[in-house]
Amino acid sequence: MTSPSQRPGRSGALDRARARATASPVDSSWPLRLAEDLRDIEADWRTSAEVCADAAWAARSAGRSVLALLSPQDVTATGRDPITARTLAHLYLSALRFDFRCPTLQRLVEQLAETARQPLDCYTRALYAFALLGQSRPEGLAVMDEVLAEAGEHTKTLHVLLHGLWLGQDLDRGAERLLALSSRPALATGSDPIVLFRVAGALRRLGRYDEGLGAIDRAIDCLPPGDTSLHADLVRERSLLCTARDLHQHRPPTRTLGGIPSRSPACTRGPTHRATRSPRHSGGPFPRTRA
């Protein structure tokens, strides 16, 4: 019997579903259409996670967040087929993640676990781990380990966990755990600016400032030409690294130009223009980077 992933035409159907879902449609019914598309190709949780995470980010970037199109009741409703239920959950929970609404995400997954007709899929549990880790709750580490045992090298899932470790500033050995996770094959490509950005933050927390600056420089080099949004986040992290290093060395903070240290040898290698607020960042100490 031919598996769904090997059926002729499935790849093309998946590409069409992905394109329709990430085209920032103005029609508010697109989440349900995406659920139909994924049901037609019998998508597993891995495929659903990949498509839904990108679709939720595209909608948010276009100013039409999934949170304004769906409700928690849409996610917890019973009676839907499993693929539709999972699609709506992946979309809505991903949107909560991108907005850093960790307590809300935690409560919704716990409610979903009570009403679901079958065990929660690996990606949904990864999002639950993110919600706990982002609040620096130690039980999130146990959930993360359970997810890692099942997820393998699924990149989207690993990014969710990496994001949670980065956000959870008060986790026990959180920075060390982040660096260990970033060394897994799916993330250790050396060319993913988001991974390098999170690694730089962990290195700063460990006092390894020069290594952090090296990671930021590599991240900037890996950005696509013209990407101004993530670039601003990277420059902001560079500023934090330079300032933390100067304070650690008991030197007066370097002179700044537009908020960017400009008179420190390690800080003159990178960009020195004024960093603008990223459209992915709504103010607060943490940029909302995609992954």
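The values are calculated or read from the model by the stated rules, or taken from the named source; none is laboratory data. Bear in mind the structure is a predicted one, so any value in this text is a computation, not a measurement. Neighbour counts are summed over all protein chains in view; Cβ atoms, including those assigned to glycine, are modelled from backbone coordinates with ideal geometry. Accessible surface areas use protein heavy atoms only, side chains included; no ligands, DNA or RNA. Shrake-Rupley method; radii C 1.70, N 1.55, O 1.52, S 1.80 Å.
Among all residue pairs at least 6 apart or on different chains, which show Cβ distances below 6 Å where the first residue, located in the range 169-197, is of a type in the set (Asp, Glu) and the second is assigned to a loop (DSSP other than H, G, I, E, B) and open to solvent by 20 Å² or more (accessible area, probe 1.4 Å)?
Final answer for the pair search is ASP170/SER136.
Taking only the range 240-255 into account, find how many residues are open to solvent by less than 50 Å² (accessible area, probe 1.4 Å) and more than 21 Å from LEU165 (Cα to Cα).
4
In the range 40-49, which residues are in a helix (DSSP H, G or I), more than 21 Å from LEU108 (Cβ to Cβ) and out of contact with any Leu (no Cβ under 8 Å at 6 or more places or on another chain)?
ASP40, ARG46
Just give me the residues in the range 16-45 being free of Cβ contacts under 8 Å to residues at least 40 places away in the same chain, surrounded by fewer than 14 Cβ atoms within 10 Å (Cβ to Cβ) and among the hydroxyl-bearing types (Ser, Thr, Tyr), in sequence order.
SER29
Of everything in the range 53-88, what is outside any loop (DSSP other than H, G, I, E, B), within 21 Å of ARG117 (Cα to Cα) and hydrophobic (A, V, I, L, M, F, W, C)? Give them in sequence order.
Listed by number, the residues that qualify are VAL75, ILE83, ALA85, LEU88.
If a residue has to be more than 18 Å from THR189 (Cα to Cα) and in contact with a Phe, Trp or Tyr (Cβ under 8 Å, 6 or more places away or on another chain) to count, how many in the range 205-233 make the cut?
Residues that pass the stated criteria total 2.
Against the definition (under 18 Å from the mean Cα position of the chain (by Cα) and at negative phi), how does ALA175 come out, yes or no?
yes
Quickly run through the range 46-67 and pick out the residues that are open to solvent by 30 Å² or more (accessible area, probe 1.4 Å) and in contact (Cβ under 8 Å) with a residue 12 or more places away in the chain.
If the condition is that a residue be open to solvent by 30 Å² or more (accessible area, probe 1.4 Å) and in contact (Cβ under 8 Å) with a residue 12 or more places away in the chain, then ARG46, GLU50, ARG60, SER61, ALA62, ARG64, LEU67 are the ones that fit.
When the range 90-130 is examined, which residues are found to be among the charged types (D, E, K, R), modelled with pLDDT of 95 or more and open to solvent by 20 Å² or more (accessible area, probe 1.4 Å)?
ASP99, ARG101, ARG107, GLU110, ASP121, ARG125
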